[in-house]
Amino acid sequence: MYSSCYFNSEENVKFAKKVKTEIAKLGVGTDARIKVKLKDGTKLKGYVSEIKENSFTIIETKNGNAASVLYSQAKQVRVCLNLEGEN
C-alpha cells in the first residue's frame, strides 16, 4: 500500500513518481486490480486499463466506467490480490 498526505510540492512529486513506478510494475489488464483514493476523497476500485506518461485509467468494478487518474491526484493506491478486488 502506498499513501500520501498533503506534503510540500517536492514530496508530492516524489509520491507521484512512486505511484507511476508501481502502476507500471503492475501493468494493465483485468489482473491489474487496484483501489485508489484520490486527494479529493474519491475512491475508485477496478483494474488498470491504460498507462500514460502523466496518468493511468481504471475500469471501475461496480459500473464499468473508465476513470482517468493523474498520478499527482492519488493519495493512496492499494494493489488488490484477488479477482474480487479485496485484499
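No value in this document is a laboratory result; all are computed from the given coordinates. Since the model is a prediction, treat every value here as computed from it, not as a measurement. Glycine also receives a Cβ, built like all others from the backbone with ideal geometry; neighbour counts cover every protein chain displayed.
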Under-5 Å amide H pairs with THR61, H placed in peptide plane, nonlocal only: LYS45, GLY46, TYR47
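How large is the Kirkwood hydrodynamic radius of the stretch 27-76, counting all unique pairs of alpha carbons, in Å?
Numbers: mean 1/r = 0.0940 Å⁻¹.
So the Kirkwood estimate lands at 10.6 Å.
What number comes out for the charge environment of GLY46, summing +1 per Lys or Arg and -1 per Asp or Glu over other residues with Cβ under 9 Å away?
Values: positive: ARG33, LYS35, LYS45, LYS62; negative: GLU60.
After counting each charged neighbour, the total is +3.
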Residue-wise HN-Hα coupling along the stretch 22-37, computed from phi with Karplus coefficients 6.51, -1.76, 1.60 (Hz; x: Gly, Pro): 5, 5, 4, 5, 5, x, 10, x, 5, 8, 8, 8, 9, 10, 10, 10
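With a sphere of radius 13 Å drawn around the Cβ of ALA24, what net charge do the other residues whose Cβ falls strictly inside it have (Lys, Arg +1; Asp, Glu -1)? Could the numbers behind the result be given before it?
Values: positive: LYS17, LYS18, LYS20, LYS25, LYS52; negative: GLU22, GLU50, GLU53.
Charge balance in the 13 Å sphere: +2.
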Between the stretch 13-47 and the stretch 56-72, the Cα center-to-center distance that results, in Å: 9
Environment charge at ASN12 (Cβ cut-off 12 Å; Lys +1, Arg +1, Asp -1, Glu -1): +3
